[in-house]
């Protein structure tokens with residue numbers, strides 16, 4: 001997320017470091033990471049980012065996330081002791097409520113997943129859910145803004161109680177006062193079914209629906 005000189009990376013799963021390296025900002029330009037939750041696929045490049053920033057001559061990194069974030073960072077540095085002290089690092093744990101992170105006004109609310117986590121609304125404009133099953137309260141939280149980036153991990157053929165599927169997402173989006181919804185966290189089971197997933201949601205939701213993709217830029 002960028003706005004002028006403000007930059008914030010939300011989650012840092014496998015491959016994120018390489019994707020950052022391909023951007024104009026690069027990993028050198030991102031010194032704050034905000035974690036939705038601590039599952040491996042959302043944090044696996046965290047230490048790689050730490051090391052890359054050190055090797056690039058950067059001086060600091062800040063990691064913000066739900067309870068347990070500090071223990072995660074300390075455990076990673078304990079396992080790779082040579083990295084400790086290479087950067088000035090700060091860890092900040094947050095829960096629900098309003099916070100300022102990397103200059104952005106961020107409001108957090110709990111999600112419903114197999115691990116405790118947080119969805120974030122940025123500047124009362126854009127909401128990123130992280131991993132979650134669908135529920136009406138989360139849509140109401142997002143309706144303060146106009147753009148929602150929501151987990152839609154599987155097609156309807158896969159039974160889920162920790163992630164979201166298109167029909168279930170369509171049900172909670174019915175009548176929602178949002179302009180755009182982007183589907184994210186797509187598992188391989190969704191390959192070849194993206195248009196079908198979009199159409200399922202559009203049957204109940206009046207706004208624009210797109211499947212998020214690496215490198216996509218969203219303006220608000």
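The values are calculated or read from the model by the stated rules, or taken from the named source; none is laboratory data. Quantities reported herein were computed from a predicted structural model and do not represent experimental measurements. When we count neighbours, we look across all protein chains shown, and the Cβ atoms used for this are built from the backbone with ideal geometry, even at glycine.
Considering only region 103-112, state which residues are over 14 Å from the mean Cα position of the chain (by Cα) and within 16 Å of residue 152 (Cα to Cα). Before you say what the answer is, go through the steps one by one.
Filtering region 103-112 for residues over 14 Å from the mean Cα position of the chain (by Cα) gives 103-105, 112.
Once the filter is applied, which keeps residues that are over 14 Å from the mean Cα position of the chain (by Cα) and within 16 Å of residue 152 (Cα to Cα), region 103-112 yields only 112.
Which residue is nearest to residue 136 (Cα to Cα), if the candidates are limited to region 74-111 and must be in contact (Cβ under 8 Å) with a residue 24 or more places away in the chain and assigned to a loop (DSSP other than H, G, I, E, B)?
111
Identify the residue in region 51-71 that is touching a strand residue (DSSP E or B) at 6+ places or on another chain (Cβ under 7 Å) and under 19 Å from residue 6 (Cα atoms) and, among all such residues, is surrounded by the fewest Cβ atoms within 10 Å (Cβ to Cβ).
59
Determine if region 24-33 includes at least one residue that is under 15 Å from the mean Cα position of the chain (by Cα), in the same structural domain as residue 62 (by TED's automatic domain parsing) and assigned to a strand (DSSP E or B).
Looking for residues that are under 15 Å from the mean Cα position of the chain (by Cα), in the same structural domain as residue 62 (by TED's automatic domain parsing) and assigned to a strand (DSSP E or B), one finds at least one in region 24-33, hence yes.
Listed here are the residues, each with its yes/no results for (1) surrounded by fewer than 20 Cβ atoms within 10 Å (Cβ to Cβ); (2) under 24 Å from residue 64 (Cα atoms).
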residue: 131; (1), (2): no, yes
residue: 151; (1), (2): no, yes
residue: 165; (1), (2): no, no
residue: 177; (1), (2): yes, no
residue: 186; (1), (2): yes, no
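Look at region 19-43 and say how many of its residues are closer than 25 Å to residue 163 by Cβ, free of Cβ contacts under 8 Å to residues at least 60 places away in the same chain and surrounded by fewer than 16 Cβ atoms within 10 Å (Cβ to Cβ).
2
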